[in-house]
Amino acid sequence: MNAVQNPTGHYQIPALMNQILTNSNSKPSKISADMIYLTLANLNYLDNLGISALIPTSQQNRKNYNNLPENLFAIDNLVFDEYKNVFICPENQELTLDGAYKAPAEKGGGNKIKLVYSNYLACKNCKYAGICFKRNHRTITRYVHEVTYKTERLMSTEEGIKDYKLRSKTVEAHNGNFKRIYHHDDIP
């Protein structure tokens, strides 16, 4: 357990991993963490060490817990075809890549790329106009960075999902015991 000055632990993986490496004198091949740790600073640090990160995106987390939005047109309910690099809408139309742009730098690790997808012609005559999109057509914006993309792909595999689910037994169970036995939540 670590006490930190920051209000959240978003950027604590390097400090914790340094403690693990020092205390255990060995390096794990992968680590598992909650989605709040999905930052470029953490992912770059782990990637430089050759450690795979099992950290879901918020979209993957919602899918894993069957907590998808009821809105049929929410981005979580659209299919992303990685091979074609397109999003597929509920009407089975492909939203293709319109452009790639530099995104603002993120704390601790470089720039992401902003990818914009749309299909003006398909949206023009769509029966869901006004429901799926409010203006001329539907646009989807996706931010990517090589290291976040690598993590996202790992978390899309059966092995990644299976390994991540071990957290409930290996990590979360210990956190629960610590809170229950030592009244961690009661400390002022």
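Measuring from label point to label point, each 7 Å out along Cα→Cβ, what is the residue 153 to residue 133 span in nm?
That separation, rounded to one decimal, is 2.9 nm.
Could you name the aspartates and glutamates in cross-link range of residue 112, using Cα to Cα under 17 Å and dropping any fewer than eight places away on the same chain?
Of all the aspartates and glutamates, those that pass the test against residue 112 - Cα under 17 Å, at least 8 places apart if same chain - are 47, 98, 146, 152.
For the stretch 29-42, in order, what is each residue's ³J(HN,Hα) by Karplus, 6.51 cos²θ - 1.76 cosθ + 1.60 with θ = phi - 60°, in whole Hz (x at glycine and Pro)?
7, 8, 10, 10, 8, 5, 5, 5, 8, 7, 10, 4, 4, 5
Just the number please: accessible area per residue for the stretch 1-84, 1.4 Å probe, all protein chains included, in Å².
Solvent-accessible surface per residue comes out at 63 Å².
Give me log10 I(q)/I(0) at q = 0.12, 0.23, 0.27 Å⁻¹ for the stretch 54-116, Debye formula, one equal scatterer per alpha-carbon, no solvent.
Result of the Debye calculation: -0.42, -1.11, -1.13.
Note the full-extension length gain between residue 163 and residue 23 as 0.36 nm times their separation in residues minus their Cα-Cα distance, in nm to one decimal.
Details: separation 140, 0.36 × 140 = 50.40 nm, distance 2.34 nm.
Contour length minus the Cα-Cα distance gives 48.1 nm.
Between residue 144 and residue 70, what is the label-to-label distance in nm when each label sits 7 Å out along the Cα-to-Cβ direction?
Distance between label points: 3.3 nm.
Hey, got the Cα dimensions of the stretch 23-164 along the principal axes, in Å, largest first?
62, 33, 24
Based on the Cβ-Cβ distance from residue 6 to residue 121, what FRET efficiency comes out when R0 is 30 Å, to the nearest 0.05? Mind dumping the intermediate values first?
Numbers: r = 48 Å, r/R0 = 1.59.
Plugging the Cβ-Cβ distance into 1/(1 + (r/R0)^6) gives 0.05.
Given N residues in the stretch 117-164, what is Rg(Cα) / (2.2 N^0.38 Å)? Provide the component values of the computation, followed by the final result.
Numbers: Rg = 16.5 Å, N = 48, 2.2 N^0.38 = 9.6 Å.
Relative to the rule-of-thumb radius for its length, the stretch 117-164 sits at 1.73.
When the chain is fully extended, how far beyond the present Cα-Cα distance does residue 100 get from residue 61, taking 0.36 nm per residue of separation? Let's see the in-between values first.
Values: separation 39, 0.36 × 39 = 14.04 nm, distance 2.58 nm.
Full extension from residue 100 to residue 61 adds 11.5 nm.
Show the residues, 5+ positions off or on another chain, whose built amide H is closer than 5 Å to the amide H of residue 54.
31, 32, 33
The values are calculated or read from the model by the stated rules, or taken from the named source; none is laboratory data. Bear in mind the structure is a predicted one, so any value in this text is a computation, not a measurement. All Cβ positions, glycine included, derive from the backbone under ideal geometry; neighbour counts span all protein chains shown. For accessibility, only protein heavy atoms count, side chains too; no ligands or nucleic acids. Shrake-Rupley method; radii C 1.70, N 1.55, O 1.52, S 1.80 Å.
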